[in-house]
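Chemist: Questions regarding the structure given below will be posed in turn.
The values are calculated or read from the model by the stated rules, or taken from the named source; none is laboratory data. The model shown is predicted, which means the values in this text are computed figures rather than measured ones. Note that we place each Cβ from the backbone using ideal geometry, even for glycine, and neighbour counts take in every protein chain shown.
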Amino acid sequence: MSSYDPFAQNYDAWAADMTGDVAWYMELARQADEPIVELAVGTGRVAVEIALGTGKRVLGIDSSPAMLAVARERVAGLPIDLREGDMLDFAVDEPVDLVICPFRSLLHLPTWHDRRLLFERVAAALRPGGRFAWNAFVFSATIAAQLDGKRVQRPGGLWEVARYIAADSRIELTRGRGETTLGTICLWWATKSEWEGLIDVTGLEVEALYGGFNREPFDDDSLEFVWVARKPV
Ligand SMILES: C[S@@+](CC[C@H](N)C(=O)[O-])C[C@H]1O[C@@H](n2cnc3c(N)ncnc32)[C@H](O)[C@@H]1O
């Protein structure tokens, strides 16, 4: 069982704050040859829009059967191939032009070793000139101090409590509805130099680092990493 399974039916409510990313990933997809690969595709929130907006094939991989079950209901009639599996095992038959990993999903990989393995797999899957795009939050001690241990209400009676474990760069998000606790997911934050190290050791190059989905410059006040790496030609 995946830690995401208990949240699948209400995923849209949990994801309600993430809105600006779809147009950004869509633009990259427009510029790429099909198929587009989405790692950690979830319920298809991004993949469905890409397929609808570009008509291109999308291959989506996710480890949560329940998230994929929701996705399968949405992709009927669309050129989207959904596969259950760990993104650490991801491989393609033919090199691809674009791999994306939206909504901070790489932060579900607990160790630098796991992330390096994932970046190696992406580098192996890309054709020369191909792109890898992802986003992740920037750890902020100010935000951590505001959120740690506080119960945040979401639409539909849902709630979420974040617990920050600095010693392991980990956030535990416990979610529930009313009196019921549904489960906990963990994210492990990474610094700019850790991301740069992953790009470097796997032979990719930084094409762009933005501070937001409107291509804001990444600066000292940025709260989101929006990365595009490219496999050298
Ligand atoms: C925040 S959701 C993102 C879903 C979708 N990409 C989106 O933007 O809405 C994170 C997803 O990562 C998936 N996931 C977590 N660890 C994974 C892994 N090791 N391999 C594949 N999927 C994973 C979860 O099942 C979940 O669907």
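Chemist: Which residue, of 103, 90, is in the same structural domain as residue 46 (by TED's automatic domain parsing), modelled with pLDDT under 95 and closer than 19 Å to residue 227 by Cβ? Don't jump to the end; show me each part of the working.
Modeler: Values: 103 fails: modelled with pLDDT under 95.
When all the criteria are applied, what remains is 90.
Chemist: Separate question: Confirm whether residue 4 is within 12 Å of residue 67 (Cβ to Cβ), within 11 Å of the ligand (Cβ to nearest atom) and touching a strand residue (DSSP E or B) at 6+ places or on another chain (Cβ under 9 Å).
Modeler: On the way: within 12 Å of residue 67 (Cβ to Cβ): yes; within 11 Å of the ligand (Cβ to nearest atom): yes; touching a strand residue (DSSP E or B) at 6+ places or on another chain (Cβ under 9 Å): yes.
Yes, satisfied.
Chemist: A follow-up question, please. For residues in segment 167-181 being surrounded by fewer than 17 Cβ atoms within 10 Å (Cβ to Cβ) and over 23 Å from residue 134 (Cα atoms), which is nearest to the chain's Cα centre (by Cα)?
Modeler: 174
Chemist: Name the one entry in 191, 142, 202, 184 that is β-branched (Val, Ile, Thr) and free of Cβ contacts under 8 Å to residues at least 40 places away in the same chain. Steps first, please.
Modeler: Values: 191 fails: free of Cβ contacts under 8 Å to residues at least 40 places away in the same chain; 202 fails: free of Cβ contacts under 8 Å to residues at least 40 places away in the same chain; 184 fails: free of Cβ contacts under 8 Å to residues at least 40 places away in the same chain.
Exactly one residue qualifies, and that residue is 142.
Chemist: Can you name the residue in segment 108-139 that is more than 16 Å from the ligand (Cβ to nearest atom) and not in a loop (DSSP other than H, G, I, E, B) and, of all such residues, is farthest from residue 230 (Cα to Cα)?
Modeler: Of segment 108-139, the ones more than 16 Å from the ligand (Cβ to nearest atom) are 123-124, 126-131, 138-139.
Now narrow it down to the ones that are not in a loop (DSSP other than H, G, I, E, B): 123-124, 126-131.
Working: 123: 9, 124: 12, 126: 9, 127: 10, 128: 8, 129: 6, 130: 6, 131: 4 Å.
Per the criteria, the residue is 124.
Chemist: Quick one: how many residues across segment 144-178 are of a type in the set (Val, Ile, Thr) and either assigned by TED's automatic domain parsing to the domain that holds residue 64 or within 15 Å of residue 110 (Cβ to Cβ) (or both)?
Modeler: Quick first cut of segment 144-178, residues of a type in the set (Val, Ile, Thr) only: 152, 161, 165, 171, 174.
Still in the running and either assigned by TED's automatic domain parsing to the domain that holds residue 64 or within 15 Å of residue 110 (Cβ to Cβ) (or both): 165, 171.
The total comes to 2.
Chemist: Considering segment 179-221 alone, what residues qualify as being among the acidic types (Asp, Glu) and assigned by TED's automatic domain parsing to the domain that holds residue 18? Even if it seems obvious, please write down each step before you answer.
Modeler: Quick first cut of segment 179-221, residues among the acidic types (Asp, Glu) only: 179, 194, 196, 200, 205, 207, 216, 219-221.
Result: 194, 196, 200, 205, 207, 216, 219, 220, 221.
Chemist: Within segment 35-61, work out how many residues are touching a residue at least 40 places away in the same chain (Cβ under 8 Å) and either more than 12 Å from the chain's Cα centre (by Cα) or not in a loop (DSSP other than H, G, I, E, B) (or both). Steps first, answer last, please.
Modeler: The first filter runs over segment 35-61 and keeps only residues touching a residue at least 40 places away in the same chain (Cβ under 8 Å), leaving 35-42, 45-46.
So of that shortlist, the ones also either more than 12 Å from the chain's Cα centre (by Cα) or not in a loop (DSSP other than H, G, I, E, B) (or both) come out as 35-39, 45-46.
Counting residues in segment 35-61 that are touching a residue at least 40 places away in the same chain (Cβ under 8 Å) and either more than 12 Å from the chain's Cα centre (by Cα) or not in a loop (DSSP other than H, G, I, E, B) (or both) gives 7.
Chemist: Sticking with this one: Checking residue 65 against (1) within 10 Å of the ligand (Cβ to nearest atom); (2) surrounded by 15 or more Cβ atoms within 10 Å (Cβ to Cβ); (3) farther than 21 Å from residue 116 by Cα, only one condition comes out false. Which one?
Modeler: Unmet condition: (2).
Chemist: Something else: Among the candidates 73, 84, which residue alone is in the same structural domain as residue 54 (by TED's automatic domain parsing), more than 30 Å from residue 205 (Cα to Cα) and free of Cβ contacts under 8 Å to residues at least 60 places away in the same chain? Outline the logic, then answer.
Modeler: Details: 84 fails: more than 30 Å from residue 205 (Cα to Cα).
Going through 73, 84 in turn, the sole match is 73.
Chemist: I'd like the full set of residues that are near the ligand (Cβ under 8 Å from one of its atoms), more than 26 Å from residue 232 (Cβ to Cβ) and either of a type in the set (A, V, I, L, M, F, W, C) or in contact with a helix residue (DSSP H, G or I) (Cβ under 9 Å, 6 or more places away or on another chain) (or both), limited to segment 79-107.
Modeler: Scanning segment 79-107 gives a single hit, 103.
Chemist: Do you know which residues across segment 144-161 are among the β-branched types (Val, Ile, Thr) and modelled with pLDDT of 95 or more? Step through it out loud before you land on a result.
Modeler: Going residue by residue through segment 144-161, those that are among the β-branched types (Val, Ile, Thr) are 152, 161.
161 - this is the single residue of segment 144-161 that is among the β-branched types (Val, Ile, Thr) and modelled with pLDDT of 95 or more.
Chemist: Still on this structure, please answer the following. Of the residues 41, 37, which single one is away from the ligand (no atom under 11 Å from the Cβ), over 16 Å from residue 213 (Cα atoms) and either of a type in the set (S, T, N, Q) or crowded, with 18+ Cβ neighbours inside 10 Å (or both)?
Modeler: Working: 41 fails: away from the ligand (no atom under 11 Å from the Cβ).
Going through 41, 37 in turn, just one is away from the ligand (no atom under 11 Å from the Cβ), over 16 Å from residue 213 (Cα atoms) and either of a type in the set (S, T, N, Q) or crowded, with 18+ Cβ neighbours inside 10 Å (or both): 37.
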